[in-house]
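Some notes on the structure that comes next.
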Amino acid sequence: MASYKAPTQDILFVLNDILKIDELTAIERFADASPDIVAGVVEEAAKVIEEEIAPLNHKGDEIGCKYADGEVDVPPGYVEAYKLFQEGGWIGLANEPDFGGQGLPFVLSKVVGEMVCGANVAFELYIGLTQDCYEAIMANGSDEQKQTYCHKLATGEWTGTMCMTEPQAGSDVGAVKAKAIPQEDGSYAIEGGKIFITSGEHRMADNIIHFVLARLPDSPPGVKGLSTFVVPKYLVNEDGSLGERNAVKAVSIEEKMGMHGSVTCTMAFDGAKGWLVGKPNQGIQNMFVMMNLARIMVGFQGLGLCELATQNAINYARERVQGKAYNGSNLIVEHPDVRRTLMHMKAITEGGRVLAYEISKYLDLATHHADEAVREEAQDWVELLTPIHKAFLTDSGVELASMAIQVYGGHGYISEHGIEQIARDAKICCLYEGTNGIQAMDLARRKLLMHNGRLPQRFFDAVNTAIEGADADLAWLIGPLAKAVGELKATTDWIQNSFNNDPNDAGAGAADYLRGFALTLLGYNWLRTVQAVAGRDDDFARAKRATAKFFAQRLLPEVQGRCEMARAGSEDFMSLSAAAL
Ligand SMILES: Cc1cc2nc3c(=O)[nH]c(=O)nc-3n(C[C@H](O)[C@H](O)[C@H](O)COP(=O)(O)OP(=O)(O)OC[C@H]3O[C@@H](n4cnc5c(N)ncnc54)[C@H](O)[C@@H]3O)c2cc1C
């Protein structure tokens with residue numbers, strides 16, 4: 001059975017030695033987030049997650065969620081584990097203390113999120129979307145809405161959803177048809193159906209707060225006519241107690257490839273009472289607050305699954321006896337092809353962890369730093385890194401799950417070991433919160449052009465400075481990295497200019513470009529990793545240097561091919577008629 005051990009040593013190494021997380025203590029709000037507190041939170045959370053949440057992963061997959069008469073039963077043990085986690089104060093770690101949160105850095109809440117995802121990714125969805133719903137209401141809700149909903153979301157007493165998707169409105173949210181009809185008391189009657197709504201119905205919390213995209217009467221067509229509404233499952237009385245049941249219910253739940261512990265609902269809003277959040281027709285901007293955070297959350301799901309796949313594959317390979325390696329050992333970990341696979345998995349997971357934590361640290365700086373210039377730079381990084389983090393880490397979740405199955409051989413393909421579950425759970429992460437194709441377009445067609453190309457330039461400046469400042473004895477890494485950076489820069493220029501020629505070109509090359517960018521970024525992360533272990537000669541440091549070398553020799557060269565593919569243009573295949581495909 002797949003097991004999960006939180007990688008606390010690596011987590012703390014990335015936070016302290018690479019990202020210098022103690023810098024955040026200079027921000028008044030985070031003054032208490034000392035390295036000791038950070039370590040305490042990580043170690044304590046790891047314990048609860050390993051003991052209470054991880055053991056539910058396989059059973060949750062096997063039993064799944066059950067629907068009857070509008071009610072949903074989550075898998076056995078979920079309600080109790082959720083309550084324990086919620087009462088432990090783990091849900092609102094980064095939320096405002098005035099609203100029931102702990103006021104700790106966002107990055108720390110995401111570290112805990114990574115561990116929950118590794119332990120039981122389906123379970124994490126109940127928590128992650130609750131957090132994102134909290135932030136969406138905090139960003140654009142009225143004071144009354146914040147008072148009514150945000151405390152309970154921060155403490156996790158209530159959970160949240162994101163209600164966007166309809167049958168005709170998937171990637172194209174502008175096609176949403178759900179209606180919001182103004183009522184005399186200032187509320188709105190929400191009418192319409194939503195599909196694929198994660199955590200739309202369950203009995204894990206006392207109330208469910210739906211954050212809904214709908215259309216006011218006479219609103220303009222497309223995304224400019226969308227507004228956001230908060231729609232509780234149970235109406236909330238003035239004193240905060242729960243009132244009558246609202247006219248929103250789950251009419252069915254989906255059977256899915258994976259994520260069986262997470263319930264996915266078809267929701268009917270039959271004149272449900274809702275309240276406008278923010279201004280009319282600004283729903284897409286409001287929803288993007290939630291979506292951008294959800295994209296970061298989903299990237300962490302990918303990372304958690306990469307870790308789960310990697311540690312199980314390594315543990316299995318250390319014990320599986322098969323054949324005889326050249327050194328005489330009969331363990332498969334000694335076969336070079338198996339070792340190559342494991343190194344690949346480690347290189348992506350550990351390099352990806354730096355990416356994931358860094359975007360989260362930037363979000364803390366962008367939100368809370370006193371200096372406007374620091375906030376602006378941090379926000380640029382968040383914008384640039386979000387599509388890369390989301391798409392690359394979730395694609396990697398699928399890739400590494402497949403590699404773990406390969407390491408297990410046929411034992412990975414059968415259900416007993418729980419390894420094939422990782423692959424089934426991982427695939428959805430490439431699809432929701434904007435498919436990875438949409439992420440690639442966001443990077444190539446939007447982020448590269450924002451502020452006259454300032455975003456990618458920040459990356460090129462940072463990585464070139466790091467290369468120039470690196471010791472000559474790191475030539476084995478800075479050589480391939482500099483080459484990758486040169487290719488990526490040329491391709492970035494090419495994509496930025498491609499809009500003057502054929503706009504299809506950027507779309508056709510976007511996915512390859514994103515992967516090329518991600519691998520270059522991980523090269524930069526591996527450079528900072530080996531610099532952080534310089535002078536050390538313990539197993540941890542030796543493994544870091546060997547993995548960095550593997551990355552430089554086996555993964556960085558892929559950047560060149562990806563960049564060539566990204567620059568190949570689209571004319572040949574786009575000029576074919578769809579019928580001729
Ligand atoms: C298990 C699960 C949970 C979900 N949870 C939620 C939830 O909680 N809330 C919610 O609102 N939704 C949720 N969704 C919906 C999910 O976000 C959508 O399925 C997703 O956005 C894709 O939409 P679609 O399925 O309609 O695919 P489509 O939009 O039809 O896309 C099909 C393909 O076309 C590509 N494509 C589409 N448009 C473009 C374009 N403009 N440029 C390039 N390529 C394009 C896509 O990349 C994709 O490969 C969930 C879905 C599932 C399966």
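What translational diffusion coefficient, in µm²/s and rounded to a whole number, does the Stokes-Einstein relation yield for segment 448-572 at 37 °C and a viscosity of 0.692 mPa s, taking the hydrodynamic radius as the Kirkwood radius over Cα pairs?
The Stokes-Einstein estimate is 215 µm²/s.
Can you give the FRET efficiency to the nearest 0.05 for Q168 and Q553, using r as the Cβ-Cβ distance and R₀ = 56 Å?
0.70
Once every DSSP H run of n ≥ 4 in the chain is given -39500 (n - 2.57) and the sum is divided by its residues, what mean residue ellipticity at 222 nm do you get, rounded to the nearest 500 deg cm²/dmol?
About -17000 deg cm²/dmol.
Any lysines with Cα under 22 Å of the K256 Cα? List them, leaving off those in the same chain fewer than 8 positions away.
Within the straight-line cut-off, K256 pairs with K59, K66, K194, K390, K427.
Just need the relative contact order of the chain here, percent rounded to a whole number, with Cα pairs under 8 Å and 6+ apart.
13
At a Förster distance of 45 Å, what's the computed FRET efficiency of H451 paired with E319, Cβ-Cβ distance as r, to 0.05?
Efficiency, rounded to the nearest 0.05: 0.30.
In whole percent, what relative contact order does segment 448-572 give with Cα contacts below 8 Å and a gap of six or more residues?
Taking the mean separation of contacting Cα pairs over the length of segment 448-572, I get 36 percent.
Need the full-extension length gain, R542 to A580, defined as separation in residues times 0.36 nm minus the C-alpha distance. One decimal, nm.
8.3 nm
Starting from the exponent 0.38 and prefactor 2.2 Å, build the expected Rg for segment 187-259 from its residue count and divide its actual Cα Rg by it.
Relative to the rule-of-thumb radius for its length, segment 187-259 sits at 1.29.
Do any GluC sites (Glu not before Pro) in segment 183-289 lie in a loop, going by DSSP, with at most 10 other beta-carbon atoms within 10 Å of their beta carbon, and if so which?
E184, E238, E255
What does the net charge come to around L226 if you take all other residues with beta carbon closer than 14 Å to its beta carbon, with K and R at +1 and D and E at -1?
+3
Counting other C-beta atoms within 10 Å, and keeping those with at most 15, which DSSP coil trypsin sites (Lys or Arg not before Pro) do you find in segment 520-577?
Taking segment 520-577 and a limit of 15 other Cβ atoms within 10 Å, the loop trypsin sites (Lys or Arg not before Pro) found are R536.
For segment 130-162 and segment 292-348, what is the separation of their C-alpha centers, rounded to whole Å?
Centre-to-centre (Cα) distance: 39 Å.
Distance between the C-alpha centers of segment 525-581 and segment 414-449? Whole Å please.
So the separation of the two Cα centres works out to 18 Å.
Enter the Cα centre distance for the pair segment 454-515 and segment 206-247, rounded to the nearest angstrom.
Answer, in whole Å: 44.
Return the long-range amide H neighbours of G278 (sequence gap of 5 or more, or a different chain), with a cut-off of under 5 Å between placed amide H atoms.
It is S142, by chain and number.
Looking at the P(r) of the chain, how many percent of alpha-carbon pairs lie beyond 41 Å?
Considering the chain, 23 percent of its Cα-Cα pairs are separated by more than 41 Å.
Contour minus end-to-end for D22 and K177, with contour as 0.36 nm per residue of separation and end-to-end as the Cα-Cα distance?
51.1 nm
Find how much the distance from S329 to I414 grows on full extension, using 0.36 nm per residue of separation minus their present alpha carbon separation; answer in nm with one decimal.
Value of the extension gain: 28.0 nm.
Where does segment 160-282 land on Rg(C-alpha)/(2.2 N^0.38 Å)?
That ratio works out to 1.04.
Any read-out appearing in this document is the output of simple, stated calculations on the displayed coordinates, not a laboratory observation. Nothing here was measured: the structure is a model prediction, and the numbers come from that model. Heads up, the Cβs are rebuilt from the backbone with ideal geometry, glycines too, and the neighbour counts pull from every protein chain shown.
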